[in-house]
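Here is the structure we will look at.
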Amino acid sequence: MIRFPETPPALYPPLLIRLPLMRLSRQLRDQFSQHHMRTYGRKNGFISKGQSERLRRLLPLVGLDDTARIDASLFAEAGPIVMEIGFGNGDFLAHLGRSFPKWNLVGIEVYLPGVAKGLSRLETAGVLDRVRISQYPAQYVLSEQVPEAALHGIYINHPDPWPKARHAKRRLIQKDFAALLASRLEPGGFIRLATDKRDLAEWMRDILDAEPMLENTGGAGGFIQREPGRPFTKFERRGQMAGLDSIFLEYRRKPR
């Protein structure tokens, strides 16, 4: 069992001052970035000195390599396994850890500065012992590392919209990926998605509605209301400032 220093269970506190930031060093990128699987999007960014230190200290403890089997054996205590694909800076993943103390969590994020910030939030929230982190593409993780029916739930919050028509094939939700997601859920398991882009919401809905293993809990062609107690993440607040409201979807794996 991995043992971590005692940390207070309080909510991650908002920063009242700006911490001095530095660009992620080549040394950290070489040591901790995964390089042998192609991904799209940002590759570098800025982190604080404390986040850099936590990355060095904590990622070797909770990070998963590309051969790990993602199942109950990863965790000290048995419990439902819930995954967040693209956890950004870790705000929502930390919220899940605080709100659902019986859940074991797997976070997927390929952006290394996001991983560093997420580790800081998860340690501060006191939930890191129930979290494992992968920096590999979600398609690979689900197809090669997650057994069928192993997950209780999957969250996908604000995936990259890839708004240009020629880039639509890069969107995360595609027909084959929808079938893969569904196959990794236990019967009755959920997929919950959020976006503030209407065209992306409709794209995801149309693909997931067509997946025979899934049922839209909002009804065919429908969306759902915001979950009670769901936090507004930094990314979501940024969208609100631009006049964009989030749209939510939920699907359940049908009984076999």
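Once C-alpha pairs closer than 8 Å and six or more residues apart are averaged by separation and normalised to the residue number of the stretch 196-256, the relative contact order reads 49 percent. Looking at the stretch 134-256 from every direction and averaging, what is the projected area of its Cα convex hull in nm²? Result: 8.1 nm². How about LYS169: which lysines have a C-alpha closer than 26 Å to its C-alpha, ignoring those fewer than 8 places off in the same chain? Cα-Cα hits under 26 Å: LYS43, LYS197.
Counting only lysines at least 8 places from LYS49 when in the same chain, those with an alpha carbon closer than 29 Å to its own are LYS117, LYS234. By the rule of a C-alpha distance below 12 Å, with chain neighbours fewer than 8 residues away ignored, the aspartates and glutamates paired with LYS164 are ASP199. Qualifying trypsin sites (Lys or Arg not before Pro) in the stretch 152-194, where qualification requires a DSSP coil assignment and no more than 14 other C-beta atoms within 10 Å, comprise LYS164.
Bear in mind these aren't lab numbers, they're just calculated from the coordinates by the rules spelled out. The structure displayed is predicted, hence computed values, not measured ones. Note that we place each Cβ from the backbone using ideal geometry, even for glycine, and neighbour counts take in every protein chain shown.
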